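What follows is one structure encoded as structure tokens, with my remarks underneath.
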Amino acid sequence: MQQATTAEILNDGKAVALHLPDGPLRFHAVWLRDNAWDDRTRAPGNGQRLITLGDIPADCRIVSAAPEGGKLMVRFAHEDRAIPYDIGWLRANAYDRSADRRPGWTAPGIETWDAGLNSAIPTGDFTALKTGGRALRDWLAAMRRYGFAKITGGPVQDGALFEVADLFGYVRETNYGRHFEVRTEVNPTNLAYTGLGLQAHTDNPYRDPVPTVQILYCLESSAAGGENMVVDGFRAAERLREESPRGFDLLTRYCARFEYAGSGGVCLRSRRPMIELAPDGELVAIRFNNRSAAAITDVPYDDMADYYAAYRRFGELIDDTAMEVTFRLNPGESFVVDNTRVLHARKGYSGSGTRWLQGCYADKDGLLSTLAAMELAEERAA
Ligand code: FE2
């Protein structure tokens, strides 16, 4: 027999335990009062909070709490009314759980990957994505899950990459312009130069904040080689943590430094870790770029040798072919990466022909917002 939901006042009204069929969830009185959704606490319409914490007494106490239908009706000592709380909302926003998580944990819905993803590269069709709806929702969800996705079937047209940005947000302009050209005329008399590949990297770690999304869009691709490659920096960080907890700890605990001063009037500098964790250990960002790494001066002498060993090993894991997802972009095709997570690289190319890509930056918060708003609208329609 399923047990009924009941409520029990704890600690002289400082908290309440909501006894649900699958177990109890505790909530503090001050937390509950701050998170009321009635129209005196939240503005109808935009849902923004109308009160400050100063409007709630520091000794806020619950005098009664009782489930009624799908609501928990709560009375506070300082207010002569019952405030309804949606039990589904309380369950979804509960914080009464063990916080014992291993440093480097990733948010639910993040799936780390390696070369195995070569057989299932997340891809959307440009025309379908432009119509929005499920195709766009699924493509954005793949971006959130994997940190990268391809788009095929786009126009072969100068500036088409802006239409990709328009799918989910806005271009972030930088000192490189609103967009940048990645164009090389392959000259057979100068193959040594043109054969250069680039080690997998995240872009612009010298910015704070870094560009959180990068779009690379192919307009010409008649040269042999020049494949694009992506690596999941989160998976590389997980592997480093498995192999060397100390190395992982060093790369998360100390800041590296990055700098770009390659053109007049520009001197971008940042001081951030290569593997960034939130204060509670969540893996939030990777910064890795040999070309713009500055002198690392924030690691104590006694840790520097081990720090460099960890930095070297992290690079080896990133370079490991078992980590690579490789694809060739044809004209009208593009790929988008979460630049806080996924590293990208270009393989060397040679022979005659041209390779022309256009790139630009956008922001992940806009992308996630577009997705979340679509999901919310779907939920409400259901
Ligand atoms: Fe790059």
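Within the range 123-141, restricting attention to residues that are buried (at least 19 other Cβ atoms within 10 Å of the Cβ), within 30 Å of residue 238 (Cα to Cα) and free of Cβ contacts under 8 Å to residues at least 60 places away in the same chain, the residue that is farthest from the chain's Cα centre (by Cα) is 124. When you check residue 129 against the structure, is it away from the ligand (no atom under 16 Å from the Cβ), assigned by TED's automatic domain parsing to the domain that holds residue 255 and not small (Gly, Ala, Ser), yes or no? Spelling it out, residue 129 is indeed away from the ligand (no atom under 16 Å from the Cβ), assigned by TED's automatic domain parsing to the domain that holds residue 255 and not small (Gly, Ala, Ser). The criterion of being out of contact with any Asp or Glu (no Cβ under 9 Å at 6 or more places or on another chain), away from the ligand (no atom under 12 Å from the Cβ) and at pLDDT 80 or above does not hold for residue 203.
Restricting 287, 328, 313 to residues that are surrounded by fewer than 14 Cβ atoms within 10 Å (Cβ to Cβ), touching an Asp or Glu at 6+ places or on another chain (Cβ under 8 Å) and basic (Lys, Arg) narrows the list to 328.
Is it the case, given these coordinates, that residue 39 is at positive phi and exposed (fewer than 12 other Cβ atoms within 10 Å of the Cβ)? Here the answer is no, as residue 39 does not meet what is asked.
Just one residue in the set 227, 173, 242 is touching a strand residue (DSSP E or B) at 6+ places or on another chain (Cβ under 6 Å) and either loosely packed, with under 14 Cβ neighbours inside 10 Å or at pLDDT below 95 (or both); that residue is 227.
Looking only at residues in the range 249-296 that are β-branched (Val, Ile, Thr) and modelled with pLDDT of 95 or more, the one that is nearest to the ligand (Cβ to nearest atom) is 286. In the set (1) within 13 Å of the ligand (Cβ to nearest atom); (2) modelled with pLDDT of 95 or more, residue 152 fails one condition alone, (1).
When each of 302, 319 is tested for being surrounded by fewer than 18 Cβ atoms within 10 Å (Cβ to Cβ) and in contact (Cβ under 8 Å) with a residue 40 or more places away in the chain, the lone residue that passes is 319.
Being within 16 Å of the ligand (Cβ to nearest atom) and among the charged types (D, E, K, R): is that true of residue 328 here? Spell out the reasoning first.
Details: within 16 Å of the ligand (Cβ to nearest atom): no; among the charged types (D, E, K, R): yes.
Judged against the criteria, residue 328 is not a match.
Scanning the range 146-157 turns up no residue that is within 30 Å of residue 264 (Cα to Cα), assigned by TED's automatic domain parsing to the domain that holds residue 319 and touching a helix residue (DSSP H, G or I) at 6+ places or on another chain (Cβ under 9 Å).
The values are calculated or read from the model by the stated rules, or taken from the named source; none is laboratory data. What you see is a predicted model; the values in this text were computed from it and never measured. FYI the Cβ positions are ideal-geometry reconstructions off the backbone, even for glycines, and counts take in every protein chain you see.
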